[in-house]
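Reviewing the structure listed below.
The values are calculated or read from the model by the stated rules, or taken from the named source; none is laboratory data. Everything numeric here is computed off the predicted structure, so don't read it as measured data. No Cβ is skipped: glycine too gets one built from the backbone with ideal geometry, and neighbour counts run over all protein chains shown.
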């Protein structure tokens, strides 16, 4: 049986604490990726989607009772590797823009940095997959 997890408190973490508007720190219940939320222009709507994600997470945790044959730790690491793979893909996409788009010098430097991040993440993904095999 899975332990009952509760989302960490989010009060006091309003839009704008970080330059990108993302909540500070890690909250397990923050279900939606900021790479998706960035497409929502209105900060209040973005926070509403974050709040829905926390409710969705809480509902999933409360209604799930069987992790199957896989241990909780293995399942968590498998999910982490999948999220790293997603993030590596985002980094690769941003990095690719250095070659296919006309960027100013500052953005080109950021794009090249994103490409380096993708390579580092690929290494972490490989290590995680090796541990899971």
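Can we say residue 83 is in a loop (DSSP other than H, G, I, E, B) and either surrounded by 13 or more Cβ atoms within 10 Å (Cβ to Cβ) or out of contact with any strand residue (DSSP E or B) (no Cβ under 8 Å at 6 or more places or on another chain) (or both)? For residue 83, the condition - in a loop (DSSP other than H, G, I, E, B) and either surrounded by 13 or more Cβ atoms within 10 Å (Cβ to Cβ) or out of contact with any strand residue (DSSP E or B) (no Cβ under 8 Å at 6 or more places or on another chain) (or both) - is not met.
For residue 76, state whether it is farther than 17 Å from residue 35 by Cβ and either assigned to a loop (DSSP other than H, G, I, E, B) or in the same structural domain as residue 36 (by TED's automatic domain parsing) (or both). Criteria not met by residue 76.
Is it true that residue 110 is surrounded by 12 or more Cβ atoms within 10 Å (Cβ to Cβ) and touching a residue at least 24 places away in the same chain (Cβ under 8 Å)? Answer is no for this residue. The test for being surrounded by 11 or more Cβ atoms within 10 Å (Cβ to Cβ) and assigned to a loop (DSSP other than H, G, I, E, B) holds for residue 70. Residue check: residue 121 meets all listed conditions (1) surrounded by fewer than 16 Cβ atoms within 10 Å (Cβ to Cβ); (2) under 17 Å from the mean Cα position of the chain (by Cα); (3) in contact (Cβ under 8 Å) with a residue 24 or more places away in the chain but one, namely (1).
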